[in-house]
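Read the figures in this text as sums done on the coordinates, not as results from a lab. Predicted model only: the values in this text are computed from it and were never measured. Cβ sites come from the backbone with ideal geometry, for glycine too, and all protein chains shown count toward neighbours.
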Amino acid sequence: MVRRAVGYARYAGASHLALLNRLYERLRLYTNYFQPVMKLIKKERRGAKVKKTYDRPQTPYQRLLRSPSVSPKARQRLKAEYATLNPAALKREISQLQRVLYNRAKKDRQYPPMHPSKGRVSVQQDRSV
């Protein structure tokens, strides 16, 4: 999930760390409150085939509310946090933070590209002579 959210750029320094922390916080909220997950209930082998049975899609937030092990105080805190969230605004903020992070990493990159197989700086030679 991390590479899908931030890519493969190299991030170093306090400014990148601050952006990554803000991005991860927004991703946590968006994923846990608004992204449904289908949980695998059982697998049943029938010869060479495996039949998988899934629970209905629910967000982690919905699963927590239905769990008997969550205290009423924690359940109330989750509901209060959920009431303050806007999924469209969260998604826009995540996209904006990803753009800023990528552009800053691209700008801060002050080293030449490495040759992928030899680990050294690639040099273009003029062979038109």
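Quick notes
- Annotation: lysines with alpha-carbon distance below 18 angstrom to K43 (same-chain offsets under eight excluded): K51, K52.
- Residue-wise HN-Hα coupling along the range 11-26, computed from phi with Karplus coefficients 6.51, -1.76, 1.60 (Hz; x: Gly, Pro): 10, 9, x, 5, 5, 5, 4, 4, 5, 4, 5, 5, 5, 5, 5, 5
- Simple label model, 7 Å out from Cα along Cβ direction - Y54 to Q76, nm: 3.6
- Evaluating 6.51 cos²θ - 1.76 cosθ + 1.60 at θ = phi - 60° for every residue in the range 66-80, the Karplus couplings come out as 8, 6, x, 7, 8, 6, x, 5, 5, 4, 5, 5, 5, 5, 5 Hz, glycine and proline recorded as x.
- A dipole drawn for the range 2-108 from +1 and -1 charges on Cβ atoms has a positive end, and of I41, L85, S95 the residue lying farthest that way is I41.
- Near L85, no amide H atom lies under 5 Å from its own; only residues 5 or more places off or on other chains count, and H is placed 1.01 Å from N.
- The ellipsoid that matches the Cα gyration tensor of the range 2-108 has semi-axes, each √(5λ) in whole angstrom, of 33, 23, 11, with the longest given first.
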